[in-house]
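Right, one structure below, let's go through it.
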Amino acid sequence: MMDLNTLFIFNPDHDLALAHGTKHYMSPTSALQFSHDAQTLPIWLFSQAKVPFLPTVLPENFLDLLKRCDMTSVLLPDSQNLDDFSTIQAWGWNHNLVQQLLKRGISAEKLPSAAQLECIRQVSHRRLTLRAADFFRNRVCHPELLPMSASELTDMDEVERFIADNGEVILKMPWSGSGRGLRKIIGKMSTHQKGWVAQSIRKYGCVMGESHYTVIQDFAMEFEVNTLPNFCGYSLFSTHNGVYQENLLLSDVTIENTLCRFVSRATLKEYREILLDFLKEEVAPHYRGFVGVDMFVYQKDGVYYVNPFVEFNIRMTMGLASRLFFNRWLREDARGCWRLRYLPTQNALFEEDKEFSLQYPLQISEGKIVSGYLSLTPISSQTQYAVQVSVNNRTFSEK
């Protein structure tokens, strides 16, 4: 998956930069803060990954954590030339990131070309879900169990007809992620919503329309695409108003057993195999890297169904990150929670981190986390974002 000399760039502003589509994008302050605060995240996912741009002084408790986990080798010396790395990987590839890395001295041949970046941008467009819907209907045993596919709407009249025909809908910008860039519409658009739709059509040429469903459980199938795509596992996650909140840390077997309360194991296997074929045909010719396919179980007239093509994330995802973390650091019978935490008030995360560390001391045995709390990212008095993990304790929502 990763060679011995890999630099991993954590760029959570990827979706915003991808939507902008040029190398001259200026990330909002919040995205830059998130990138700064959580840049150590990749070192927990790949045994050989190193990350750049670390602060000169890391908090003592974070350095102690790295020592306990035998990970001090991930820290780069200040003198390290970034172009010394043979491989560069990123959370997501876009024109803006490549421009930044070129300015920092990384050779162009180690980075995607402009043509490759444009292919990634086009395959990341939400119209990929339309092609997936057609692909599924031509191959699945029971196409009547599939949801209605999304619609690409290119003017306000089309949008209003779509709402009139479907009543309760979700409208989405063609490039966006993590639950952002979408609006729920019930019956009629407000003036503000019409302005949002008009802006999307003006900037991107369309807005995507989907019927609204009563979601019972969000989940995803995670893949890595090389010459052929490979299934990496499941993620089970929760959102609030469409925005990502947390993943449960569970084995793939446990997640599949959970989903089988609603849908058969045979159906999950069938959908997974169809997705592997779809990624081979539609994504592999244009992209090498991670892909997360968001799905959900929904209920209609008392019957459970799966929407297997809600969203394609042509990048690393928090769901896949949590899966890789589980596989590397936890035992098969472990249960835990992985969450993205944002507290903008100075010292708030710092004090919370101290409290959790005392209440739930970290226990490590034979290289595996047995129980306790840890932050995968360093926390100081100025930190606003953190990725936190709780293992074999109460979940964060219960604390």
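Brief remarks follow.
- Length-normalised contact order of the chain in % [C-alpha pairs under 8 Å, at least 6 apart]: 17
- Over 31 Å between alpha carbons, listed pairs K103/K184; K23/K194; K23/K280; K50/K354: K103/K184
- Estimated translational D of region 172-216 in µm²/s (Stokes, Kirkwood radius over Cα pairs; 4 °C; 1.567 mPa s): 114
- Spread of Cα-to-Cα distances over 5 Å intervals beginning at zero, given as percent, for region 10-136: 2, 9, 16, 19, 18, 15, 9, 6, 3, 1, 0
- D by Stokes-Einstein for region 75-218, Kirkwood Rh over Cα pairs, 4 °C, 1.567 mPa s: 71 µm²/s.
- Of C232, C337, C119, C141, the residue with the largest accessible area leads and the full order is C141, C119, C232, C337 (1.4 Å probe).
- Neighbour-limited loop hits for chymotrypsin sites (Phe, Trp or Tyr not before Pro), region 29-134 (at most 14 other Cβ within 10 Å; DSSP other than H, G, I, E, B): F53
- Measuring r between the beta carbons of Q99 and R328 and using R0 = 35 Å, the FRET efficiency lands at 0.65.
- Cα centroid of region 142-221 to Cα centroid of region 8-60, whole Å: 30
- With contacts taken as Cα pairs under 8 Å at a separation of at least 6 residues, region 58-173 carries a relative contact order of 16 percent.
- The heavy atoms of I364 present about 50 square angstrom of accessible area, all protein chains included, probe 1.4 Å.
- The alpha carbon convex hull volume per residue for the chain rounds to 149 Å³.
- Calculated from the alpha-carbon coordinates, region 98-149 shows an Rg and a Dmax of 18.2, 54 Å respectively.
- With Cα atoms defining each centre, region 253-289 and region 349-368 are spaced 35 Å apart in the structure.
- Relative contact order of region 259-392, defined on C-alpha pairs under 8 angstrom at six or more residues apart (%): 20
- The figure for R180 is an accessible area of roughly 140 square angstrom, using a 1.4 Å probe on the protein chains alone.
- Sorting I186, I9 on solvent-accessible area from highest to lowest, probe radius 1.4 Å, gives I186, I9.
- Using heavy atoms of the protein chains and a probe of 1.4 Å, the accessible area assigned to S151 is about 40 Å².
- Loop-located GluC sites (Glu not before Pro) in region 342-389 (DSSP state other than H, G, I, E, B) with a sparse environment of at most 12 neighbouring Cβ atoms within 10 Å: E366.
The values are calculated or read from the model by the stated rules, or taken from the named source; none is laboratory data. The structure presented is a predicted model; accordingly, all values stated were derived computationally and were not measured. Don't worry about glycine lacking a Cβ; one is built from the backbone with ideal geometry, like all the others, and counts go over all protein chains shown. Heads up: the accessible areas ignore ligands, DNA and RNA and are worked out on the full protein's heavy atoms, side chains in. Shrake-Rupley method; radii C 1.70, N 1.55, O 1.52, S 1.80 Å.
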